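Step one of this worksheet: look at the structure below.
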Amino acid sequence: MKNILLFGAPGAGKGTQSKKIILKYGLVHLSTGDILRSEIARNTELGKEARTYMVKGELVPDNIVIEMIEQKIKNQSNSKGFVFDGFPRTVAQAKSLDDLLNKNNTEISFLLALLVETDELKKRMQIRASKENRTDDTPDVIENRIKVYKEKTAPVADYYKKQNKYITVSGMGSVEEIFAGVSKVIDKIFI
Ligand code: AMP
């Protein structure tokens, strides 16, 4: 299986690039943010609990997201591979993901980090707030999401660096320019 971990700060363009990657390479998109928002939209118990964290820009507890991902991987175990988007967001999640993939005789192929300057991240999230009506794209919550990213999620990059699986690509510029860089990396590794 080809398993790509698309990594980056909130607003880095992970969702946008994931959608293009899965179309070009025939992989399955797994976005914990999308799954959680769909739980909220369906007003499930899980959704109600997750919402209390998401509106503040805090992370949903590890056990909840790990269980969700486990289920999704099980349901799609025949796929060519996954693009993980917004997961793992803590080192504990990364360790669980490695275990989970190992159990399925596969592993993370590489982590691809989209590098975007902080001012640009804030600009993009403000634009997204008006387009997508996301309750977690308000200025205060944006600040907190960036803080949580630096404290809890950035160490995930170091975790995969130690496994020699860390690759960066510029996340600045147009969607197509960024995707050209992303594709170049994927082609080099998989073809
Ligand atoms: P995203 O759409 O990936 O930006 O995620 C939106 C929000 O969902 C985050 O700010 C978190 O509150 C929550 N969330 C998404 N993925 C995770 C995760 N892997 N671990 C914890 N919380 C998450």
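Would you call L101 free of Cβ contacts under 8 Å to residues at least 12 places away in the same chain, surrounded by fewer than 19 Cβ atoms within 10 Å (Cβ to Cβ) and away from the ligand (no atom under 14 Å from the Cβ)?
no
Of the residues that make up segment 66-87, is at least one touching a strand residue (DSSP E or B) at 6+ places or on another chain (Cβ under 7 Å), away from the ligand (no atom under 12 Å from the Cβ) and of a type in the set (S, T, N, Q)?
There is at least one residue in segment 66-87 that is touching a strand residue (DSSP E or B) at 6+ places or on another chain (Cβ under 7 Å), away from the ligand (no atom under 12 Å from the Cβ) and of a type in the set (S, T, N, Q).
With S96, S109, S130 as the choices, which residue is among the hydroxyl-bearing types (S, T, Y), within 28 Å of D187 (Cβ to Cβ) and open to solvent by 20 Å² or more (accessible area, probe 1.4 Å)?
S109
Restricting segment 116-135 to residues that are out of contact with any strand residue (DSSP E or B) (no Cβ under 9 Å at 6 or more places or on another chain) and outside any helix (DSSP H, G or I), which is modelled with the lowest pLDDT?
N133
Within segment 156-171, which residues are surrounded by 15 or more Cβ atoms within 10 Å (Cβ to Cβ) and assigned to a helix (DSSP H, G or I)?
V156, A157, Y159, Y160
Each row is one residue, and each column tells you yes or no for (1) closer than 21 Å to K19 by Cβ; (2) modelled with pLDDT under 90.
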residue: T106; (1), (2): no, no
residue: F110; (1), (2): yes, no
residue: D137; (1), (2): yes, yes
residue: I142; (1), (2): no, yes
residue: E151; (1), (2): no, no
residue: K165; (1), (2): no, no
residue: E177; (1), (2): yes, no
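Given the options L101, L59, name the one that is in contact with a helix residue (DSSP H, G or I) (Cβ under 7 Å, 6 or more places away or on another chain) and of a type outside the set (S, T, Y).
On inspection, the qualifying residue turns out to be L59.
The values are calculated or read from the model by the stated rules, or taken from the named source; none is laboratory data. This structure is a prediction, so every number in the text was calculated from the model and none was measured. Cβ atoms come from the backbone with ideal geometry, glycine included; neighbour counts cover every protein chain shown. With ligands, DNA and RNA removed, areas are computed over all heavy atoms of the protein, side chains included. Shrake-Rupley method; radii C 1.70, N 1.55, O 1.52, S 1.80 Å.
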